[in-house]
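Below you'll find the structure, written out as structure tokens, and then a few comments.
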Amino acid sequence: QKEVEQNSGPLSVPEGAIASLNCTYSDRGSQSFFWYRQYSGKSPELIMFIYSNGDKEDGRFTAQLNKASQYVSLLIRDSQPSDSATYLCAVNIMEYGNKLVFGAGTILRVKS
Amino acid sequence: DAMVIQNPRYQVTQFGKPVTLSCSQTLNHNVMYWYQQKSSQAPKLLFHYYDKDFNNEADTPDNFQSRRPNTSFCFLDIRSPGLGDAAMYLCATSRDGGHSNEQFFGPGTRLTVL
């Protein structure tokens with residue numbers, strides 16, 4: 001089992017809709033969870049992080065964490081064409097000395 | 001603005017010809033990381049420095065070396081690039097190595113091997 005898994009997509013949503021991106025992880029000891037956005041040919045940009053179970057909101061973005069289910073998600077409300085990108089989930093893996101392990105990302109396409 | 005800078009942004013080299021990529025940061029972060037990212041894949045950690053302490057990933061080829069002469073700068077040396085080393089190389093920094101520290105990436109260097 002991969003340490004961090006994401007559906008590769010593409011996930012297509014119409015402009016103005018809610019985009020829901022999901023990530024599962026294998027290390028029950030993980031404490032920190034990050035979402036990065038990566039435009040084609042560019043480097044990853046940190047958009048959200050979450051440490052505690054529940055929801056964390058920042059503008060149009062909401063991160064949701066369920067440690068019991070080893071599941072973290074990112075919701076993007078009022079999706080815009082400029083949100084079209086690859087979204088990378090990253091999780092700290094305690095057994096690797098808190099190294100961040102990245103998923104391969106989900107491609108999001110927002111259609112106008 | 002505090003930032004992570006990588007040079008060059010694009011590097012073309014010949015098979016077997018050594019190449020050096022550079023990274024600098026004005027964030028005054030203790031930890032600097034080098035990742036390799038190939039198309040449609042996750043960034044793969046090659047190594048990192050916590051201050052001057054070097055930490056190599058077990059599966060990083062010997063062909064890859066790194067230097068950190070001071071807090072601000074870190075270099076990635078590829079001694080004999082092969083075709084399989086063509087990738088985006090990403091430098092990242094974090095304040096320290098704890099679990100809660102976010103990593104901030106530079107713009108990356110796209111390496112082409114001919």
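The values are calculated or read from the model by the stated rules, or taken from the named source; none is laboratory data. Just so we're clear, the structure is a prediction, and the values are computed from it rather than from any experiment. Cβ placement follows ideal geometry from the backbone for every residue including glycine, while neighbour counts extend to all protein chains displayed. The area values use the complete protein model at the heavy-atom level, side chains included, leaving out ligands, DNA and RNA. Shrake-Rupley method; radii C 1.70, N 1.55, O 1.52, S 1.80 Å.
Pairs of lysines in chain A whose Cα atoms sit within less than 19 Å of one another amount to 4, provided the residues are eight or more positions apart or on different chains. Extent of chain A along its three principal axes (Cα atoms, max minus min coordinate, largest first): 43, 29, 22 Å. A crude spin-label estimate for the pair B:Thr60 and A:Ser52, with each label 7 Å from Cα along the Cβ direction, gives 3.6 nm. Multiplying the residue separation of B:Ile5 and B:Asp53 by 0.36 nm and subtracting their alpha-carbon distance yields 15.2 nm. Per the accessible-area calculation with a 1.4 Å probe, the total area buried between chain B and chain A rounds to 1500 Å². For A:Ala85, nonlocal amide neighbours, meaning residues 5 or more places apart or on other chains whose placed amide H falls under 5 Å from its own, are A:Leu108. For chain A, the solvent-accessible area works out to 47 Å² per residue, with a probe of 1.4 Å and every protein chain left in place. I want the antiparallel fraction of DSSP beta bridges within chain A, as a percent rounded to 5. Here the share of antiparallel DSSP bridges comes out near 90 percent. Please work out the FRET efficiency for the pair B:Phe15 and B:Phe75, using the Cβ-Cβ distance as r and a Förster radius of 22 Å; give the result to the nearest 0.05. The formula returns an efficiency of 0.55 here. Computed over chain B, the quotient of the alpha carbon radius of gyration and 2.2 N^0.38 Å is 1.00.
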